[in-house]
Amino acid sequence: MKYTIGLDYGSDSCRAVIIEAQSGKEIASSVKYYKRWMKGQYCDPQANQYRQHPLDYVEALEESVKEALSKSPAGTAEAIVGMSFDTTGSTPALIDKDGKVLALRPEFAENPNAMFILWKDHTAIKEAAKINEVAKRWPIDYTAYEGGIYSSEWVWAKIAHVLKADKSIVEDAYSWVEHCDWMPALITGTTKPADIVRGRCAAGHKAMWLKEWDGLPTEEFLVEVASELKGFRDRLFHETYTSDVKVGNLTPEWAERLGLTTNVAVGVGAFDCHMGAVGAEIEPKTFVRVIGTSTCDIMVASYEDMHGKLVPGICGQVDGSVIPGLVGLEAGQSGFGDIYAWFKSVLAWPLEKILKESTLVDQATKDKLIEEALDKMIPVLSKEAEKIPTTESSALAIDWMNGRRTPDANQLVKGTITGLNLASSAPLIFKALVEATAFGSKAIIDRFLENGIEINSVIGIGGISLKSPLVMQTLADVLGMPIKVAKSEQACAFGAAMFASVAAGIHPDIKAAQKAMGQGFAFEYKPDMAKHKVYMKLYAKYQKLGKFTETELFQ
């Protein structure tokens, strides 16, 4: 038996899954939360600042792999031959001449600008706007394969922002690296900026890399965007690699730290949603939704089907970013599960502020009451929302509480809720929020369909798809399409394990790995077409309200 490890770095935690590479059987898994992140360190939600310390990533790597190994049969560690990473993105950090993330140096250890800038950090809105302005008047529109609109969630805007905002880091900021590229570099000892193997996925979708124009945008373009970017292009990369390629092997140090051997091959990293789509057995004309705090939507298409097509307003179309030999297309919503979590926080305010200070019960009882209420809040809201009839006169919401990723990125827009009256209840508002996230999903699918991208099936992966019948049934009803739910709770980690099996030479290509290791589907949601008709009327109102929200309320 040979095994591979898939490591999935999400917004809150790292998941390590050990997989039998010939059959896809899960041997063991472990989830470790980022300690500093869970304390809210280095973040300022009011300013849309979300930063993560590299030590959180390193510690989670060691802890999750060791725990997964401790749950595995004897001899498993020696039989592990491959490891690959997926991470959130764009989540970049500045590095020095030796490839060390600045926050790992003592003088920058507590500086958020020296840390990884999480995907949902929106502090770079002005810089993204500048990129779009320059691109539209430049001889080459470097945003053309990024959907035509560059986002504040992406690397160049973020790097320009932190360099402008913090002069203390400028002298030591030699280059930058995406989280998904840094992890393989770290454990294979290839951290020198010139030696880091850069993944096609991150470079193509977020850094405006395209082989046809010699890689990254020109020095002149970048300096026009921000003078602080001067010199970065020459210290970065020209070539990129698909995730079936081997970066190297574990160094002796990292083999010892993880309890593995130096025989472990490490594959090129990619973003979580792209590897998750592979784990969910994506194929052409399949629309895969990675549903979590946000959503990421992935498709693959043949070169023939994409010939001459540029889909506007999405998060890019990149050769080989998902499966080598096919064009990968990405879209998504900046807020999905985060919207439900926001509403839960609103409702929980009296519990956490008033009940916590009550003198009527002892502290232990208060803590238990608060914990029970928080645990049950979303399930109970969901159950009550399911009882509310779907009508054209429902409350209506716009799902842009965290801005809009696609179609047509705009991080300045805000969410709205309308149609409320004195009878509007918490379950009714929750139902409206669920419907809003489904309407946002339909807007994305419509953009693909309008541009001649055929969709024959929809697949959902991630915790929400497995745990929330309300959300998934509403989504099926709004789309008017059946949705299959991937069986594995860890589809992203499974995808990483599949790529690791190819990098290690167990399978010849990713299609063979999918066939051997795929887990299939747990169940399928079928649309209620009567509700779909009602939802289409509500969707028309959603579109009108969205346009009003964007053009009249938050210009």
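Each value in this text was obtained by applying a stated rule to the coordinates, not by laboratory testing. Just so you know, these numbers come straight off a predicted model, no measurement behind them. Neighbour counts are summed over all protein chains in view; Cβ atoms, including those assigned to glycine, are modelled from backbone coordinates with ideal geometry.
Observations on the model:
- When you restrict to C-alpha pairs under 8 Å that are six or more residues apart and normalise by the size of the range 146-282, the relative contact order lands at 27 percent.
- Förster-model FRET efficiency, 60 Å R0, Leu360 and Val170, C-beta, rounded to 0.05: 0.60
- Amide H within-cut-off set for Thr416, under 5 Å, with H built and near neighbours excluded: Ile398, Trp400
- A cut-off under 10 angstrom between Cβ atoms defines the neighbours of Ala504, and their net charge, with Lys, Arg +1 and Asp, Glu -1, is +2.
- Cα lying deepest toward the dipole's positive end in the range 31-189, options Thr76, His179, Ile149, charges on Cβ: Ile149
- Signed unit charges on C-beta, dipole axis of the range 344-500, positive-most listed residue Ala432, Pro482, Val458: Val458
- A simple charge model with +1 on the Cβ of Lys and Arg, -1 on the Cβ of Asp and Glu and nothing else charged puts the dipole of the range 473-537 at about 220 debye relative to its Cα centre.
- Computed [θ] at 222 nm, deg cm²/dmol, the chain (DSSP H ≥ 4; -39,500 (n - 2.57); rounded to nearest 500): -12000 deg cm²/dmol
- Label zone (Leu553, point 7 Å along Cα-to-C-beta; backbone nitrogen cut-off 17 Å) within the range 405-444: 405, 410-421, 429-440.
- Gain in span if fully extended, Glu283 to Lys487, counting 0.36 nm per residue against the direct Cα distance: 71.8 nm
- Between Lys192 and Lys25, the FRET efficiency estimated from the beta carbon spacing at R0 = 22 angstrom works out to 0.05.
- Peptides ranked, highest mean first, by Cβ atoms within 10 Å: ranges 69-79, 445-455, 196-206: 196-206, 445-455, 69-79
- Within the range 217-343: Cβ-based charge dipole about Cα centre, in debye rounded to nearest 20 (Lys, Arg +1; Asp, Glu -1): 180
- Subset of Lys35/Lys192; Lys25/Lys71; Lys32/Lys71 violating a 19 Å alpha-carbon distance limit: Lys35/Lys192
- Each Cα pair under 8 Å and six or more residues apart adds its sequence gap; the mean of these over the residue count of the chain is a relative contact order of 16 percent.
- Sequence-distant residues sharing a close amide H with Leu210 (under 5 Å, placed H): Gly215, Leu216
- Hits among lysines - C-alpha to C-alpha of Lys167 under 16 Å, sequence gap 8 or more where chains match: Lys158, Lys230
- Ordered by the number of other Cβ atoms lying within 10 Å of each residue's own Cβ, fewest first, Leu420, Leu381 fall into the sequence Leu420, Leu381.
- In Hz, Karplus ³J(HN,Hα) per residue of the range 29-44 (6.51, -1.76, 1.60; θ = phi - 60°; x = Gly, Pro): 8, 8, 10, 10, 8, 6, 5, 5, 4, 5, 8, x, 5, 6, 10, 9
- Taking the range 289-354 and dividing mean pair separation by its residue count, relative contact order in percent (alpha carbons under 8 Å, at least six apart): 37
- Paramagnetic label reach from Ser302 (point 7 Å along Cα→Cβ; backbone nitrogen cut-off under 13 Å): within the range 313-352, residues 326-327.
- Euclidean distance between Cα centres, the range 466-495 to the range 70-92, Å: 25
- Net charge dipole size for the chain [Lys, Arg +1 and Asp, Glu -1 on Cβ; Debye, nearest 20]: 1080
- Ordering Glu20, Glu283 by the number of other Cβ atoms within 10 Å of each residue's own Cβ, fewest first, gives Glu283, Glu20.
- Backbone phi angles across the range 310-315, fed through the Karplus curve with coefficients 6.51, -1.76 and 1.60 (θ = phi - 60°), yield HN-Hα couplings of 10, 7, x, x, 9, 9 Hz in residue order; Gly and Pro are listed as x.
- Bridge orientation summary for the chain: considering DSSP beta bridges with both residues in this region, about 70 percent are antiparallel.
- Between the range 152-191 and the range 273-298, the alpha-carbon center distance in angstrom: 26
- Using the Karplus relation 6.51 cos²θ - 1.76 cosθ + 1.60 with θ = phi - 60°, the per-residue 3J(HN,Hα) values for the range 460-476 come to x, 9, x, x, 5, 5, 8, 10, 10, x, 4, 5, 6, 5, 4, 4, 5 Hz, with x marking Gly and Pro.
- A Cα-only calculation for the chain places Rg and Dmax at 22.9, 70 Å.
- Whole-angstrom gap from the range 1-17 to the range 23-58, using each part's C-alpha centre: 13
- Look at Ser345, Ser152 and count the other Cβ atoms within 10 Å of each Cβ; fewest to most, that gives Ser345, Ser152.
- Proximal lysines relative to Lys368, as straight alpha-carbon distance under 21 Å, when same-chain residues fewer than 8 apart are discounted: Lys39, Lys344, Lys353, Lys356, Lys376
- Cβ crowding within 10 Å averaged over residues, with 532-541, 423-432 ranked highest first: 423-432, 532-541
- The aspartates and glutamates whose alpha-carbon is closer than 17 Å to the alpha-carbon of Lys431, local same-chain residues fewer than 8 away aside, are Asp338, Glu384, Glu386, Glu392, Asp399, Asp477, Asp528.
- Cβ-derived FRET efficiency at R0 45 Å, Arg257 paired with Lys544, nearest 0.05: 0.20
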